[in-house]
Amino acid sequence: MTISTQSPDRQRLIRALFEEYIEMYASRDQRLTTRFSKNFSGYTGSGDFLVKDLADWQNITRQDFSQVPERIRIEMLDLSLQDLDDEVVVATALFRIHLPVDGDMLAKEAARLVLIFRLEGEEWKIVHSGISIPYHRAEQGEVYPLKSLQERNSTLEALVEERTQALHTSEALYRQLTEDTRDVHWKTDRDLFITYINPADERLRGFKADEVVGHHVFELFTDEGVAAIKQLMEQRRRSELPPTPDGFVTFEAQHRCKDGSLLWGEVLSKPDLDEQGEIIGYHGITREVTRRKLLEAQVNLLAFRDTLTHLPNRRLLEDRLTQAMSSSNRSNCYGALVFLDMDNFKPLNDTHGHSVGDLLLIEVANRLKACVREADTVARFGGDEFVVLLCDLSGDKRDATAQAGRIAEKIRISLSTPYLLSLTIEHHCTASIGVALFKGREASEEHVIDSADSAMYQAKEHGRNTIRFCE
């Protein structure tokens with residue numbers, strides 16, 4: 001047996017198509033008439049002309065079956081499978097035909113059958129069929145027109161050659177369209193090992209195709225990108241929704257480059273399905289979106305972050321507070337808002353200028369972040385005012401108050417340590433701190449903020465560098 005295919009899966013596909021045809025023909029199964037394409041052409045078993053009308057061919061097939069209604073036996077001698085492109089395959093077989101009649105005339109010589117299959121929509125259809133058996137022409141009413149098929153065999157070969165050349169031209173055009181594009185076209189098997197990637201990936205990431213093909217697709221991404229993809233796959237698995245034939249999944253992930261740099265890619269992925277709807281692979285397109293991601297990050301920074309300290313601004317703090325109050329409502333645990341204002345900050349600006357004042361604010365932000373947990377939020381409220389949002393404190397108010405007090409005291413001590421702002425400028429500064437506890441949605445976000453702010457002013461009135469809780 002001769003095989004020329006791209007993968008074992010394609011070999012199995014072409015073999016299955018051919019064996020289905022042989023079984024249906026040998027068993028005289030009338031369903032075979034539905035397997036032919038609307039654009040079918042073929043040489044008949046009892047005529048000397050090329051049939052191009054599907055209905056005519058279906059009638060000829062039914063006539064063949066009616067002349068020999070019993071099952072025939074096919075003795076296979078050789079089989080060649082050719083994968084011309086993704087949508088056209090050819091099966092060429094050499095075999096002997098054993099009819100259920102006295103004698104074994106046809107079995108003395110080998111018959112040659114050529115079947116061309118084409119993928120039309122989601123189904124493989126037969127677009128050409130030709131059989132050659134080296135016997136004289138059959139008499140009127142006989143089943144197999146041997147001489148006619150022999151004379152037309154060269155015509156069939158020319159037709160196959162012509163169509164093969166047309167397919168090669170089509171394949172060259174396809175490669176031109178995919179390999180000259182800026183987008184990366186790729187294919188994987190069902191286990192996500194890459195089977196094809198176009199030259200755009202080398203231009204984009206620096207890897208040659210032979211450095212990528214055969215490797216797992218996860219090697220393209222950073223660890224964060226792999227984690228995001230696994231999460232997406234798990235979500236789709238849990239949804240128990242079957243993949244749709246025309247449904248692309250779109251996601252963004254960071255990709256690794258050969259020189260060690262990173263870039264962002266938008267990935268459009270689509271599963272390849274077999275006839276049973278099972279996933280046998282994936283294909284898709286990746287396009288670079290690094291510039292867009294940078295612009296999005298800049299927009300996010302301007303909208304939700306303080307440009308000096310990069311801390312969350314008031315807008316983002318209010319959103320985090322809303323989330324914290326909802327979480328508190330579910331957990332029945334207290335949270336706390338710590339509002340603080342730097343004492344004696346204005347004299348620093350007046351004496352040394354705003355650039356030195358900015359250095360102090362940056363150092364305050366760093367010290368505040370060092371005093372709290374990762375789950376807590378440190379925000380710059382405006383000017384020299386900062387807010388710390390504490391989450392998941394005790395469910396007991398007394399214990400929660402003690403927890404918030406310890407953190408506030410830690411902040412007070414940290415912020416009162418002298419600041420070395422340059423080789424010649426050392427500044428001593430303290431903070432007045434106000435604390436307001438909240439639990440669930442017993443009060444509004446605005447009320448909690450106002451309460452902490454009011455407590456902070458009480459701390460200033462009591463000598464500064466101190467802590468006051470909202471009464």
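Structure above, values below:
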read-out: Given (1) within 30 Å of Gly121 (Cβ to Cβ); (2) touching a residue at least 24 places away in the same chain (Cβ under 8 Å), index of the condition Trp264 fails; value: (1)
read-out: Every pair of residues 6+ apart whose Cβ atoms lie under 9 Å, when the first sits in the stretch 108-123 and is under 17 Å from Asp83 (Cα atoms) while the second is in a strand (DSSP E or B) and among the charged types (D, E, K, R); value: Phe117/Lys125; Arg118/Lys125; Leu119/Lys125; Glu120/Lys38
read-out: Of the criteria (1) surrounded by 15 or more Cβ atoms within 10 Å (Cβ to Cβ); (2) at pLDDT below 90, which one Arg62 fails; value: (1)
read-out: Output for the stretch 333-357, where each listed residue is within 20 Å of Ser451 (Cβ to Cβ) and either acidic (Asp, Glu) or open to solvent by 30 Å² or more (accessible area, probe 1.4 Å) (or both); value: Cys333, Tyr334, Asp341
read-out: Which listed residue, of Gly277, Gly225, is in contact with a Lys or Arg (Cβ under 9 Å, 6 or more places away or on another chain), open to solvent by less than 50 Å² (accessible area, probe 1.4 Å) and touching a residue at least 24 places away in the same chain (Cβ under 8 Å); value: Gly225
read-out: Count of residues meeting criterion [out of contact with any helix residue (DSSP H, G or I) (no Cβ under 8 Å at 6 or more places or on another chain), surrounded by fewer than 20 Cβ atoms within 10 Å (Cβ to Cβ) and closer than 26 Å to Leu321 by Cβ] in the stretch 414-452; value: 5
read-out: Matching option when the condition is of a type outside the set (S, T, N, Q) and over 21 Å from Asp191 (Cβ atoms), among Gly225, Gly277, Gly260, Gly281; value: Gly260
read-out: Pairs where the first residue, in the stretch 428-446, is touching a residue at least 24 places away in the same chain (Cβ under 8 Å) and farther than 30 Å from Ser416 by Cβ and the second is crowded, with 24+ Cβ neighbours inside 10 Å and of a type in the set (D, E, K, R), C-beta under 6 Å, 6+ apart; value: none
read-out: 3 or more residues under 26 Å from Ala303 (Cα atoms) and either charged (D, E, K, R) or modelled with pLDDT under 95 (or both): qualifying helices (runs of 4 or more DSSP H) within the stretch 354-471; value: 354-371, 445-461
read-out: Counted residues, the stretch 453-465 - those being closer than 30 Å to Val356 by Cβ and open to solvent by 30 Å² or more (accessible area, probe 1.4 Å); value: 9
read-out: Counted residues, the stretch 201-236 - those being over 15 Å from the mean Cα position of the chain (by Cα) and charged (D, E, K, R); value: 8
read-out: Subset of the stretch 311-326 (residues that are within 32 Å of the chain's Cα centre (by Cα) and open to solvent by 30 Å² or more (accessible area, probe 1.4 Å)); value: Asp319, Arg320, Gln323
read-out: Number of the exception - Leu50 against (1) over 19 Å from Arg28 (Cα atoms); (2) surrounded by 15 or more Cβ atoms within 10 Å (Cβ to Cβ); (3) modelled with pLDDT of 80 or more; value: (3)
read-out: The stretch 358-376: number of residues that are open to solvent by less than 60 Å² (accessible area, probe 1.4 Å) and within 13 Å of Ile407 (Cα to Cα); value: 5
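The values are calculated or read from the model by the stated rules, or taken from the named source; none is laboratory data. Source: prediction; values computed, not measured. Note that we place each Cβ from the backbone using ideal geometry, even for glycine, and neighbour counts take in every protein chain shown. The area values use the complete protein model at the heavy-atom level, side chains included, leaving out ligands, DNA and RNA. Shrake-Rupley method; radii C 1.70, N 1.55, O 1.52, S 1.80 Å.
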